[in-house]
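Notes follow once the structure below has been shown.
The values are calculated or read from the model by the stated rules, or taken from the named source; none is laboratory data. Keep in mind that this is a model prediction, so the values were computed, not measured. Because the Cβ atoms are built from the backbone with ideal geometry, glycine has one as well, and the counts that use them run over all protein chains shown. Accessible surface is based on the protein model in full, side chains and every heavy atom, while ligands, DNA and RNA are left aside. Shrake-Rupley method; radii C 1.70, N 1.55, O 1.52, S 1.80 Å.
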Amino acid sequence: MAQQTIPAAVGTHRSAPTDGSGRPVRPRRTLRPRTVVVAAVAWLIAAVFLLPYLQMVITALRPASELRDATYLPDHFAWSNFVDVWRESNLGSNLRVTLLVAGGSTLLVLLVAIPAAYYTARVKYRGRKVFLLLVLVTQMFQPTSLLVGLYREFYQLGMLNSVWTLVLCNAAFNLAFAIWILTAYFSAIPVQLEEAAMIDGLGRGGALLRVTLPLAMPGVVTAVIFTFIAAWNEFVMGLTLSTVQESQPLTVGINSFIGNYTVQWNYLFAASVIAIVPVVVLFAFIERHVVSGLTAGSVK
């Protein structure tokens with residue numbers, strides 16, 4: 001009977017290469033030309049989008065005597081521009097109004113859009129497609145085309161120069177988008193999860209709050225951020241429905257630095273920097289939820 005020979009290489013362990021101190025040496029990563037090109041193009045696109053904001057910050061720090069200079073950077077930075085624009089204008093009250101309008105309209109949109117989207121996703125009622133089509137059609141109407149009717153309506157109701165008027169208008173114009181986003185997300189969540197929760201004793205509302213809504217949180221966050229940013233940047237309705245400076249939003253307050261014959265560019269850009277900081281901070285915190293929420297319902 002022939003004896004089987006076991007190769008000497010079987011069962012042996014090759015140790016990783018080490019340096020002089022005994023630490024393992026990590027293999028060097030080689031950069032592929034395609035990776036370098038994609039990274040370079042990405043940085044170039046980012047620079048194109050960031051340069052206007054950089055120019056805005058630099059102009060906001062220019063003294064009034066250097067606004068017409070051709071140099072890219074001022075001789076000295078006037079940090080007092082931010083203090084002056086806050087003290088000598090109604091920017092504080094405008095910021096408070098914008099926070100109330102953006103926050104109130106976002107909350108109102110969620111209170112209406114979540115039940116509407118959940119019912120539309122779960123119940124196959126008659127006229128469901130027509131309802132979704134009507135929701136989509138409302139996105140085709142621009143606020144500018146409805147301003148005359150809105151102004152007459154709120155004038156007769158005595159609701160001009162009111163923060164709640166702006167809350168209602170912004171919520172109405174952003175409600176359709178929130179319903180579409182949340183309907184797609186609720187439709188992607190298996191209904192069996194709710195049925196199991198209801199077997200355990202939860203009702204329809206309890207299953208929505210404890211099971212479905214936490215799973216749909218990325219979609220909810222997407223609706224929140226888009227509604228908040230749209231209400232934060234809204235200008236035309238705030239200009240038309242609010243004629244008193246104390247009740248005007250931030251976008252209208254910034255426009256006051258543009259006069260008939262002169263423009264206070266340093267104060268205008270300083271106020272613009274103050275206006276974009278809250279939105280940038282908010283988006284930085286929930287950006288990952290926005291990306292996942294935009295792909296909601298695309299794959300089942």
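So, for the stretch 101-247, what is the accessible surface per residue at a probe of 1.4 Å, expressed in square angstrom?
Values: 7770 Å² over 147 residues.
Dividing the accessible area of the stretch 101-247 by its residue count gives 53 Å².
Sorting Arg128, Arg152, Arg68, Arg96 by accessible area (1.4 Å probe), largest first, what list results? Don't skip to the end; give the middle numbers.
Working: Arg128 45, Arg152 145, Arg68 230, Arg96 125 Å².
I get Arg68, Arg152, Arg96, Arg128, largest accessible area first.
From the residues Asn90, Ala39, Ala78, which one has its Cα farthest along the dipole of the stretch 27-118 in the positive direction, the dipole being from +1 and -1 charges on Cβ of Lys/Arg and Asp/Glu about the Cα centre?
About the Cα centre, the residue reaching furthest to the positive side is Ala39.
Please report the accessible area of Val101 (heavy atoms, 1.4 Å probe, ligands and nucleic acids excluded) in Å², nearest 10.
The accessible area of Val101 comes to roughly 10 Å².
Sorted by accessible area (1.4 Å probe), largest first, how do Arg210, Arg204 line up? Present the calculation step by step, with values, prior to reporting the outcome.
Numbers: Arg210 175, Arg204 120 Å².
I get Arg210, Arg204, largest accessible area first.
Take peptides 169-181, 266-278, 187-199 and line them up by average Cβ neighbours within 10 Å, highest first, as a rough protection proxy. It would help to have the intermediate numbers written out before the result.
Details: 169-181: 22.3, 266-278: 19.5, 187-199: 14.2.
Per-residue Cβ counts within 10 Å, averaged per peptide and sorted highest first, yield 169-181, 266-278, 187-199.
Give, rounded to the nearest 20 debye, the magnitude of the charge dipole that the stretch 56-198 has about its Cα centre when Lys and Arg contribute +1 at Cβ and Asp and Glu contribute -1 at Cβ.
Working: 10 positive and 8 negative charges, 149 e Å.
With Lys and Arg at +1 and Asp and Glu at -1, about 720 debye.
Over the stretch 89-231, with every protein chain in place, what whole percent of the accessible area is carbon and sulfur at 1.4 Å, could you tell me?
Working: 5210 of 7510 Å².
On the stretch 89-231, the fraction of accessible area on carbon and sulfur atoms equals 69 percent.
Tell me, what is the 1.4 Å probe accessible area of Leu146, in Å² to the nearest 10?
It works out to around 70 Å².
Using amide H atoms built 1.01 Å from N in the peptide plane, name the residues 5+ places from Arg62, or on other chains, whose amide H lies under 5 Å from its own.
Sorted by chain and number, the residues that satisfy this are Ala78.
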